[in-house]
Ligand code: NAI
């Protein structure tokens, strides 16, 4: 039995890990991050697992010389001293992928809600009227979807778009030429994608190069009445530019799961595990934001990743990472 410590773990997760690893590991479970745990309680542990709040620093790891494996229940691993782990031969594993289909599905939830005027329609019915006058929407079939970023999520979005009979075009500085042919879409320049799409959807990472990738200058390249969807990161869109384009009708509607001010967030699951203060802050930010109140804008609270199945995949991958390591074939190593 390998002594294994789990940090940042709630009651439901504790039960899951106890059930999933009964014969292989002797579990020590904490709801707190490693920094708030009496380190002598885990000094016999060979495996450590936690979320981004558990900073596995050199100072902590020096006190735990038996550790052979650290499994983070996140995609990011900058809370772990990788250099120290390499030096000491400690294997580090992460959860590289848990919700590509989940976010792609949410992208289409936003698109369909806008194009089929679902919110206005349900509001009307709730008000007691079954009159569809003025609620004409748009078909997706035959429309052109512009995908910015053809990574794990972008590719899933293209697959779904094809199911709706849409044309797909895409921009990515690192194009996947084999997929272009296989899935039947066309890579174009960013400006071409903006100019030719009926719906533009963002799926690239947030970094210096992508900050305000949709901005005051290039938003005007879009066709009048384009729809803009963002389930990636708020900082990709210059908010003022979007606001102006919505006002002028250049953009007919926007579906946003992320807003510019929430760029402090590193991991999706932080939204579920952080305390009430942060949740309240996010809500306040969203409420304060002028976009939220526009009738042709729908905003969801960074919820695209948040499906039962995606959260379960994080737990399943964590267990698989531990089992594979014990069997001598570590996977998802970073
Ligand atoms: P990925 O790393 O698989 O794909 C990102 C793609 O963007 C890559 O193909 C890359 O070449 C491309 N890219 C890089 N620079 C670019 C640029 N300047 N312009 C256009 N494309 C560029 O990432 P994945 O898993 O598809 O996720 C995409 C984004 O979605 C993430 O960066 C994350 O911010 C966001 N996300 C949002 C979630 C939510 O709940 N709303 C959940 C998970 C991810």
By how many degrees, 0 to 90 and rounded to 10, does the Cα axis of helix 308-326 deviate from the longest principal axis of the chain?
-> 30
Tilt relative to the chain, helix 239-248 - C-alpha long axis, 0 to 90 degrees, to 10 | 20
Let me know the shape class of segment 1-57, please: from the alpha-carbon gyration tensor, a ≥ b ≥ c as square roots of the eigenvalues, rounded when a/c is under 1.5, otherwise prolate if a/b is greater than b/c, or oblate.
-> oblate
When the chain is treated as a GNM, springs tying every alpha-carbon pair under 10 Å, which of 259, 179, 190 comes out with the largest mean-square fluctuation?
-> 179
Descending packing, highest mean Cβ count within 10 Å first, for 93-102, 123-132, 54-63, 169-178 is 93-102, 54-63, 169-178, 123-132
Between helix 276-288 and the chain: long-axis angle, C-alpha atoms, 0 to 90°, nearest 10 | 10
Compute the Cα gyration tensor for segment 100-306, then decide on rounded, prolate or oblate, letting a ≥ b ≥ c be the square roots of its eigenvalues: rounded whenever a/c is under 1.5, prolate when a/b is larger than b/c in the other cases, and oblate in all that remain.
-> rounded
Within 10 Å of each residue's Cβ, count the other Cβ atoms and sort 139, 316 from fewest upward.
-> 139, 316
Only helical DSSP H runs with n ≥ 4 go in: add -39500 (n - 2.57) per run for the chain, normalise by residue count and round the 222 nm mean residue ellipticity to 500 deg cm²/dmol.
-> -10500 deg cm²/dmol
How high is the relative contact order of the chain, given as a whole-number percent (alpha carbon pairs under 8 Å, six or more residues apart)?
-> 15
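Bear in mind these aren't lab numbers, they're just calculated from the coordinates by the rules spelled out. The structure displayed is predicted, hence computed values, not measured ones. Glycine gets a Cβ as well: all are built from the backbone with ideal geometry, and neighbour counts include every protein chain shown.
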